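Asker: The following block contains the structure, expressed as structure tokens.
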Amino acid sequence: MGTLTYNSDLAILIEDRALQHLQIVITSKLRRKESFNFTWQVIDDNGPRQSSVWIHESLALQYDYMTVPGRTLNRVWLEALTTSANSASGLFLLDEPAVVEIGQPSAARR
């Protein structure tokens, strides 16, 4: 479980693999100076709820991983997250769809 720290005072717990994909999408948007809303689901003792923050280039983001991020990425997931980020509603943390990986092939596939 990794942490996305927003503006030095909000720590969002996110699975490392999801955080890796979010970092790519968020960085891409901010490089183009595009602000957007980011929404994720929180499940606690009170049940599920949604939280949202406005992501802007002037606010600090920090990505902390519990493990070293993998070298493979799910192209379908990146595309779905990017489509979400580019929508009027903003970026939603979506579940990972069927795996279509890009990057280094595993030893089993060599």
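The values are calculated or read from the model by the stated rules, or taken from the named source; none is laboratory data. Since the model is a prediction, treat every value here as computed from it, not as a measurement. Positions of Cβ are generated from backbone atoms using ideal geometry, with glycine treated the same way; all protein chains shown enter the neighbour counts.
Asker: Only residues that are closer than 26 Å to T72 by Cβ and either of a type outside the set (A, V, I, L, M, F, W, C) or assigned to a loop (DSSP other than H, G, I, E, B) (or both): list them for the range 4-38, please.
Answerer: Those that are closer than 26 Å to T72 by Cβ and either of a type outside the set (A, V, I, L, M, F, W, C) or assigned to a loop (DSSP other than H, G, I, E, B) (or both): T5, E15, D16, R17, Q20, H21, Q23, T27, S28, K29, R31, R32.
Asker: Moving to a separate point now. Can you list residue pairs whose Cβ atoms sit under 6 Å apart, with the first residue in the range 73-94 being more than 13 Å from H21 (Cβ to Cβ) and the second being hydrophobic (A, V, I, L, M, F, W, C)? Count only pairs 6 or more apart in sequence or on different chains.
Answerer: Qualifying pairs under 6 Å: G90/F36.
Yes/no matrix, rows are residues, columns are (1) within 21 Å of R17 (Cβ to Cβ); (2) modelled with pLDDT of 95 or more; (3) surrounded by 13 or more Cβ atoms within 10 Å (Cβ to Cβ); (4) among the β-branched types (V, I, T):
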site: R32; (1), (2), (3), (4): no, yes, no, no
site: F36; (1), (2), (3), (4): no, yes, yes, no
site: Q41; (1), (2), (3), (4): yes, no, no, no
site: N46; (1), (2), (3), (4): no, no, no, no
site: R49; (1), (2), (3), (4): no, no, no, no
site: L59; (1), (2), (3), (4): no, no, yes, no
site: M66; (1), (2), (3), (4): yes, no, no, no
site: P69; (1), (2), (3), (4): yes, no, yes, no
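Asker: For the range 82-95, indicate whether the set of residues that are modelled with pLDDT under 95 and either of a type in the set (F, W, Y) or assigned to a strand (DSSP E or B) (or both) is non-empty.
Answerer: no
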